[in-house]
Amino acid sequence: MKMLAPLAGKHNVTDFEALRQTFEWSQMERDFSWFHTGKLNAAYEAIDRHAENPAKADQLALIFQDGQTEEKWTFTQLKERSNQAANMLKSLGAAKGDRVFLFMPRCPDFYASFFGILKIGAVAGPLFEAFMEQAVEDRLKDSGASILITTAELLQRVNRDNLPELKEVIVLECETDGVHDYTELMDQASTEFEPVWLDKEDGMLLHYTSGSTGKPKGVYHAHRAMIQHYATGKWILDLQEDDVYWCTADPGWVTGTSYGIFGPWLNGATNVIAGGRFTPEAWYKIIEKHKVTVWYTAPTALRKLAAAGDEVAHSHDLSSLRHVLSVGEPLNPEIIYWAEEVYGKRIHDTWWMTETGAMLIVNHPTLSIKPGAMGKPIPGVEAAIIDDAGNVLPAHTSGNLAVKAGWPSMMKTIWGNQEKFDSYFINGWYVSGDSAKMDEEGYFWFEGRLDDVINTSGKLVGPFEVESKLIEHYAVTEAAVIGKPDEERGEIIKAFITLDKGHKDSMELREEIRQFIKKGLSAHAAPREIEIVTSIPKTRSGKIMRRLLRAKELGLPLGDTSTLEE
Ligand code: WTA
């Protein structure tokens, strides 16, 4: 096993192992102004606090780049713009605890609105811009969102007839009747606003994530999550005040909020926000042009960059890069070796989940990297491999990757489903749904998911959500959906369907069904492969046996088939 030496240079934490031995979360609270003033709001800590500091007020908080469009806001501008958003929302009657959703492409006003929501004590619900009608409706309905901020184009995917709780809609580039014009309301709104002061336990953020059963669930995070966003931004992203940081994730996913918003801004870094389509050239240009120093991205993107060839990388000046990190999927060792050769930087893997709110297992810059391992638990976090009864297993044994409850960014609950929340825990351990091993040095090695959730290009897709949509298609009677290993995307989605009488298999029909999912749910949830079968394997109680389909597809042993219906 080749071990890679720690990252050179000065770091915020010089002795990671020592900190892991002694650290307690209460020590971190002293770094926040609310610890001293008693006035708590994560938006204040991330933005206003810097705007009120003469040394930082005029520093760039945000650099937005979308194709040729570039926009830069200082901490003061972001503070004032988010105050306007807070006043706008207040004028429409929004109040503490309300769910206010954002459905728009990445743009500076997304961030102004996001902090405006937090400043009035409401809960922000960011929706991925590629979601289509059903995906949008499921999330807005489940959350009981009362206000939506969106664009004229995306508004077409919002079926307001099915959303009685949605009272107000605010639209950017507004040309629609019966909704509010964002620009008009913002122009009228004052740039002064005193944030609503909250408790650490008050709700802040709602992110929907996929499970193996049922529709996506609302993972509900509280303001206390900021403690860990700040800590990991400082320790693991290793952010310094003059860093130019770029997180490539969309704020519709948890990485795009925890580390596209809180991690960098709580640490006072300049945050690059890039819209537009992914191309290797466009991405390298962003690093080169804005002199990005810390870069947080994902294995699928890195695999695409590697596939584009070393020449593309070499034709850009990437020398500003100091520290590169990855999350969301297994990071294959080949990519680490490739990056070391081509970027002169190795990639630091991090493991966490929507539910955990922030990084838990990481390759700290001062830790030697074992390519293929996710690293070690951060200070203040205890992780272990446990069996289904909650017993801790010895090193080198496969089992449930679990974390001792009690870290600050742990979700507060599953929205409207306390029972589901409770089901995550055994004996005080949070059970992740991932299978892993720990080695004798305490490094954790990812093995796979233990449920049927599919991880395609770092995006989790619940098979139930896709199956439910598939059977809405007129030609489909039954459907089962699995993840199939794929070199570039990690997994792709494969659907098995039975056809209604009178319909025959054809390339056209399969493409039509694929488009039906693409237009109804989202492009990333659309099956890349569709196979027509005569029946779907089910248990006697009627549950789809996806495990069996997967085993068959991959040529693996079928395992226990005793519950299979005749
Ligand atoms: C997977 C993303 C391997 C894992 C922040 C987890 C990973 C799920 C890694 C959460 C990693 C995340 N190596 N697999 N470093 N990081 N995963 O909720 O299966 O979108 O449970 O949160 O992604 O995905 P989620």
Problem set entry | Unmet requirement for ASP349, which otherwise passes all of (1) assigned to a loop (DSSP other than H, G, I, E, B); (2) near the ligand (Cβ under 9 Å from one of its atoms) | (1)
Exercise. What is the number of the single condition among (1) open to solvent by 20 Å² or more (accessible area, probe 1.4 Å); (2) touching a helix residue (DSSP H, G or I) at 6+ places or on another chain (Cβ under 6 Å) that GLU529 does not meet?
Worked result: (2)
Exercise. Any chance the stretch 363-375 includes a residue that's closer than 14 Å to TYR430 by Cα, open to solvent by 10 Å² or more (accessible area, probe 1.4 Å) and among the aliphatic types (A, V, I, L, M)?
Worked result: no
Seminar exercise, completed: When (1) over 29 Å from GLN27 (Cβ atoms); (2) touching a helix residue (DSSP H, G or I) at 6+ places or on another chain (Cβ under 9 Å) are applied to GLU184, the one that fails is (2)
Exercise. So HIS396 fits all but one of (1) away from the ligand (no atom under 15 Å from the Cβ); (2) closer than 27 Å to GLY214 by Cα; (3) open to solvent by 10 Å² or more (accessible area, probe 1.4 Å); what number is the exception?
Worked result: (2)
Exercise. Among the residues of the stretch 214-245 satisfying the criterion of being among the β-branched types (Val, Ile, Thr) and more than 16 Å from the ligand (Cβ to nearest atom), which is least open to solvent (accessible area, probe 1.4 Å)?
Worked result: ILE227
For this session: Could you grab the pairs with beta carbons closer than 8 Å, sequence gap of 6+ or different chains, first residue in the stretch 536-564 and in contact (Cβ under 8 Å) with a residue 24 or more places away in the chain and among the charged types (D, E, K, R), second one open to solvent by less than 40 Å² (accessible area, probe 1.4 Å) and not in a loop (DSSP other than H, G, I, E, B)?
Result: ARG546/PRO463; ARG546/ALA480; ARG546/VAL481; ARG546/ILE482; ARG550/ILE482; ARG550/GLY483; GLU553/ILE482; GLU553/LYS494
Problem set entry | Whichever residue in the stretch 251-288 is assigned to a loop (DSSP other than H, G, I, E, B) and among the polar types (S, T, N, Q) and, among such residues, is surrounded by the most Cβ atoms within 10 Å (Cβ to Cβ) | ASN267
Exercise. Looking at the stretch 289-311, which of the residues that are open to solvent by 20 Å² or more (accessible area, probe 1.4 Å), of a type in the set (A, V, I, L, M, F, W, C) and not in a helix (DSSP H, G or I) is farthest from MET374 (Cα to Cα)?
Worked result: ALA308
Problem set entry | Subset of the stretch 314-328 [away from the ligand (no atom under 15 Å from the Cβ), assigned to a loop (DSSP other than H, G, I, E, B) and touching a Ser or Thr at 6+ places or on another chain (Cβ under 8 Å)] | SER320, LEU321, ARG322
Seminar exercise, completed: Looking across the stretch 247-258 at residues that are closer than 17 Å to ILE63 by Cβ and either among the basic types (Lys, Arg) or in contact with a Ser or Thr (Cβ under 8 Å, 6 or more places away or on another chain) (or both), the single one that is nearest to the ligand (Cβ to nearest atom) is ALA249
Problem set entry | Answer residue from the stretch 115-130, given it is within 16 Å of the chain's Cα centre (by Cα) and crowded, with 24+ Cβ neighbours inside 10 Å and is nearest to GLY520 (Cα to Cα) among those | LEU127
Exercise. For the stretch 399-414, how many residues are crowded, with 17+ Cβ neighbours inside 10 Å and assigned to a loop (DSSP other than H, G, I, E, B)?
Worked result: 6
Exercise. Given the stretch 415-495, what strands (runs of 3 or more DSSP E) lie entirely inside it while holding 2 or more residues that are more than 16 Å from the ligand (Cβ to nearest atom) and open to solvent by less than 60 Å² (accessible area, probe 1.4 Å)?
Worked result: 476-486
For this session: Pick out, from the stretch 1-109, the strands (runs of 3 or more DSSP E) lying fully within it that include 1 or more residues that are among the hydroxyl-bearing types (Ser, Thr, Tyr).
Result: 69-74
Problem set entry | Matching entry among THR248, THR176 (being in contact (Cβ under 8 Å) with a residue 12 or more places away in the chain, open to solvent by less than 30 Å² (accessible area, probe 1.4 Å) and more than 19 Å from ALA85 (Cβ to Cβ)) | THR248
Exercise. Can you spot a residue in the stretch 329-342 that is within 12 Å of the ligand (Cβ to nearest atom), open to solvent by 30 Å² or more (accessible area, probe 1.4 Å) and touching a helix residue (DSSP H, G or I) at 6+ places or on another chain (Cβ under 9 Å)?
Worked result: yes
Problem set entry | Residue among GLU512, GLU440, GLU487 that alone is among the acidic types (Asp, Glu), at pLDDT 95 or above and farther than 26 Å from SER535 by Cβ | GLU440
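The values are calculated or read from the model by the stated rules, or taken from the named source; none is laboratory data. Predicted, not measured: the structure shown is a model, and the values here were computed from it. Using ideal geometry, Cβ is built from the backbone for each residue, glycine included, and neighbour counts are taken over all protein chains shown. Just the protein is used for accessible areas: all its heavy atoms, side chains included, with ligands, DNA and RNA removed. Shrake-Rupley method; radii C 1.70, N 1.55, O 1.52, S 1.80 Å.
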